[in-house]
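J.: This is the structure I want to talk about, given as structure tokens.
The values are calculated or read from the model by the stated rules, or taken from the named source; none is laboratory data. These numbers come from a predicted model, not from an experiment. A quick note on method: Cβ atoms are made from the backbone with ideal geometry, for glycine too, and the neighbour counts reach across all protein chains shown. Just the protein is used for accessible areas: all its heavy atoms, side chains included, with ligands, DNA and RNA removed. Shrake-Rupley method; radii C 1.70, N 1.55, O 1.52, S 1.80 Å.
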Amino acid sequence: MGHLDNLWLYIRPIIALFVLWQVISLFGLIPEQALPAPLSVWDSMVELVNSGSLLSIVKITIVRVLLAFSIAVFVGFSIGMLMSQSRIVEWFFDPIISVAFPIPKVTLVPIYVLWFGFGTVSTVALAATSALFPVAISTYDGTKSVDREIIWSAQSMGLSRLETSLKVIVPAALPDILNGVQISLFLSFVVVVVAEMVTSGSGLGRVLVESVRFFDTPQAVAAVIIIAFFGLLFDKLFRLVRARFLWWAE
């Protein structure tokens, strides 16, 4: 019952927003072409489901997000750990991250298209590039902030450098690392959808572009709602995983 109460508290603002939206539509305060009624958007969603295309469209986007996210976490974590352990690696990557991180990654779309062409490869590469920076920075900051006395104590007990990193440094820095991983997941999803709008002939981003091109406003709004739903789903699933890993920090 407690979980149901929390769910009800969570969805009440969303329900209120949809009720307000329906009222605005009924009174014609906003033109239908600009903001279609919720029932029209619902009909577009049903049409997408009945056509059998929604599942394949969502699958394409989700696979791309997971690929980009996995690459970003692996590369970003590796860079962050190496930077915290080696002054040479830190000297090499620190200015690169400082210069590259603030660049809006959408501006790199033409370059990635030239390198990888249109389609999944360029979309995943762009999203992975965008999402690796938060992981690298959070891993570096988290591992550098671990108390040196804890590390010295572990090494005095006979742990090798690798064992110290895996058994002491990473667990101690895990809250910071997961903060970066959470941001990375969000960026992966956002950049994949944006890249699909430009570089790909498939995916949720492409559905949104095609809807606007043919002035199908209900389908465009339906696509936005579906994108928002999966963004929320990713966030909630990650929070569950985070709580599982960081149960000791509660």
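Matching residues to (1) farther than 30 Å from Lys144 by Cα; (2) surrounded by 14 or more Cβ atoms within 10 Å (Cβ to Cβ); (3) in contact with a helix residue (DSSP H, G or I) (Cβ under 9 Å, 6 or more places away or on another chain); (4) of a type outside the set (Gly, Ala, Ser):
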{"position": "Trp21", "(1), (2), (3), (4)": "yes, yes, yes, yes"}
{"position": "Leu29", "(1), (2), (3), (4)": "yes, no, yes, yes"}
{"position": "Ala37", "(1), (2), (3), (4)": "yes, yes, yes, no"}
{"position": "Ser40", "(1), (2), (3), (4)": "yes, yes, yes, no"}
{"position": "Met45", "(1), (2), (3), (4)": "yes, yes, yes, yes"}
{"position": "Ser78", "(1), (2), (3), (4)": "no, yes, yes, no"}
{"position": "Met81", "(1), (2), (3), (4)": "no, yes, yes, yes"}
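J.: Residues of segment 47-75 being under 23 Å from Gly203 (Cα atoms) and either touching a His at 6+ places or on another chain (Cβ under 8 Å) or surrounded by fewer than 16 Cβ atoms within 10 Å (Cβ to Cβ) (or both), which ones?
T.: Glu47, Val49, Asn50, Ser51, Gly52, Ser53, Leu55, Ser56, Lys59, Val63, Ser70
J.: Restricting attention to segment 150-161, report how many residues are of a type in the set (A, V, I, L, M) and open to solvent by 60 Å² or more (accessible area, probe 1.4 Å).
T.: Result for segment 150-161: 2.
J.: Can you tell which of Thr143, Thr107, Thr139 is open to solvent by 30 Å² or more (accessible area, probe 1.4 Å) and β-branched (Val, Ile, Thr)?
T.: Exactly one residue qualifies, and that residue is Thr107.
J.: Could you tell me which residue of segment 91-143 is farthest from Val190 (Cα to Cα), considering only residues that are touching a residue at least 24 places away in the same chain (Cβ under 8 Å) and over 22 Å from the mean Cα position of the chain (by Cα)?
T.: Thr143
J.: Where residues in segment 162-181 are modelled with pLDDT under 85 and charged (D, E, K, R), which of them is most open to solvent (accessible area, probe 1.4 Å)?
T.: Taking the candidates together, the pick is Lys167.
J.: Could I ask something else about it? In segment 182-204, what residues are open to solvent by less than 50 Å² (accessible area, probe 1.4 Å), part of a helix (DSSP H, G or I) and more than 20 Å from Leu114 (Cβ to Cβ)?
T.: Result: Gln182, Ser184, Leu185, Leu187, Ser188, Phe189, Val193, Leu204.
J.: Can you say whether Phe229 is in a helix (DSSP H, G or I), open to solvent by 20 Å² or more (accessible area, probe 1.4 Å) and at pLDDT 80 or above, as far as the supplied structure shows?
T.: Taking the combined requirement at face value, the residue satisfies it.
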